[in-house]
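Readers should treat all values here as calculations from the given coordinates under stated rules, not as data from a laboratory. Quick caveat: nothing in here was measured; it's all calculated off a predicted structure. A quick note on method: Cβ atoms are made from the backbone with ideal geometry, for glycine too, and the neighbour counts reach across all protein chains shown.
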Amino acid sequence: MSPHTDQDEINGFGKELGIIFENVRDLNYKFQFSKALKKFEDIKHLMHTSSDPFLKADLHFEMGVTYYYLKEYDLATLEFQKSYNLYGKKKKLDNICEIIVYFGMISLYEGNFEDAIGYFNVPLSINSDNSIATVRATTGLGTIALWNGELSKAMKYFDEGLILLKSLSDARANDFAKIYITQGVTHLQQGNFVKSKDCFDAVLAFDPGHLIEFNIAAALFYSSIIAIEQRDEDRISEYKKLFENVKSSTSDELIKRGAVYIQAKYFLSKERLHDKFKAQELLEQITSGDIIYHSLHVLALKDLCQILLIEYNSTENDAVFREIEEIIERILIIAKKQQSMQLLVEINIFRSRLLLASSQVDEALELIDYLEDLAETLNLKFLGEVIQKERINLQKLINKWEKFGLESATIRDKLLESRVFDYLKAIQGISIP
């Protein structure tokens, strides 16, 4: 996870400093960032006894890593910049490239894709030996492609990242797990359950002692989703037990909410209404709290849409329609904040179909106009094609209704005709953790 200071250099500044510093690295690697943060004060105190720039650079780097994973991006950037300046004086190229990749990841999660791409291209453009920085830069470009809906392009980057990683002699199980998970999620969004399951199985095949709990939980989370979709009760039971073991031993709120979501998803897959009510209660438990992970929050909101859509289909109650609209607005806020064009387009297409089914034809077409202008402005070719196909489909449906006088058909029939349920099911893709 971090650049390496030679052991002789560490030992030269005292055994105590060396032990503390290696302990911090280990805590960061295990994602125990709160504990790592407490150790930094000890290191800062001891650092006053040394003027070695590399040791200070490593310290600032590890502090940057800690703040990055705690999502304190301003503090992370400050520490990475200090480390960058110190490494730059001695022209430590590998260390500099790794910091640049973190700058790219911060830009990515703050929604600035253009800057992120610029940062990721730096280590890839340097003619040097392959390193963990080139691996992460490559998969970072894949994540951007994934968030823009370019699944084939994303998979190409993830495959390249895996090849690069396999060439590294010091590659760790968690580095492989991260790529397998991203590949599995991409296959899942493409509807390829077999290849997706193979990727998550590859993660779970590692010795659990070599993996951080987050990666174990992620693999179990997605494996559970697939088992539920395939209605494989034996595998659902197996993954549930394994997930509960991870959940019971963790303080990670994301993992705990992930377990709640899996339970909700299981109830939602059942046919009886009382199971769907149980699912709704669990999903509202997730979405009523603070957003600690956008992707999981969006998944839960989409599932709430599905439950409300079932109610709207049977009752045609305007109040239920407004609830669906409110959830759509909440998803759009997240999409805009993350600059996730794929999510923005998908949820607006869902909204346009819903508007059409509720006889708001002009509003539905205006929404498609907005999406087309957005895709053209941002040069989103792939999503532009998706939007264009949607316009053609909507117009065919409008023409059909006008020709056969179906404008006054029931909302239930129009929801069926406009395939609102099918589309919502199709966009229940799962994003990268």
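Quick notes on this one:
- Volume per residue that the Cα convex hull of the stretch 207-291 spans, once the total is divided by residue count, Å³: 93
- Shape analysis of the stretch 135-216 places it in the oblate category; the axes a ≥ b ≥ c from the Cα gyration tensor give an a/c of at least 1.5, with a/b not above b/c.
- A Cβ-based charge dipole, computed about the Cα centre of the stretch 293-433 with Lys and Arg at +1 and Asp and Glu at -1, lands at about 460 debye.
- What the pair-distance distribution of the stretch 360-428 shows, using all Cα-Cα distances binned every 10 Å from zero, is 18, 46, 29, 7 percent.
- Label-point separation, ALA171 to SER125 (7 Å along Cα→Cβ), nm: 2.6
- The share of Cα pairs per 10 Å bin across the stretch 293-433, counted from zero up to the longest distance, runs 11, 43, 36, 10, 1 percent.
- Where Rh is the Kirkwood radius over Cα pairs, Rg/Rh for the chain: 1.02
- Difference of contour (0.36 nm per residue) and Cα-Cα distance, LYS153 to GLU363: 72.3 nm
- Here the Gaussian network model covers the chain, with springs between Cα atoms less than 10 Å apart; of LEU397, LEU383, LEU299, LEU397 fluctuates the most.
- Two tests apply to each whole DSSP H helix in the chain, Cα reach of 27 Å or more along its axis and mean Kyte-Doolittle hydropathy of at least -0.5, and the ones passing both are 294-315, 318-338.
- Under 12 Å, Cβ to Cβ, from LEU299 - net charge with Lys/Arg +1 and Asp/Glu -1: +2
- Here the extension length gained between GLN81 and GLU22 equals 19.1 nm, from 0.36 nm per residue of separation less the Cα-Cα distance.
- Per-pair calculated FRET efficiency, R0 = 45 Å: SER248 and LEU93 via Cβ, rounded to 0.05: 0.50
- Taking a sphere under 10 Å around the Cβ of ALA145 and counting the other residues whose Cβ falls inside, with K and R at +1 and D and E at -1, yields a net charge of +1.
- Contact order normalised by residue count of the chain, Cα under 8 Å, 6+ apart, percent: 10
- Counting Cα-Cα pairs of the stretch 257-333 in 10 Å increments starting at 0 gives whole-percent bin shares of 20, 52, 26, 2.
- Cβ-Cβ FRET estimate between TYR423 and GLU41, R0 fixed at 51 Å, reported to 0.05: 0.45
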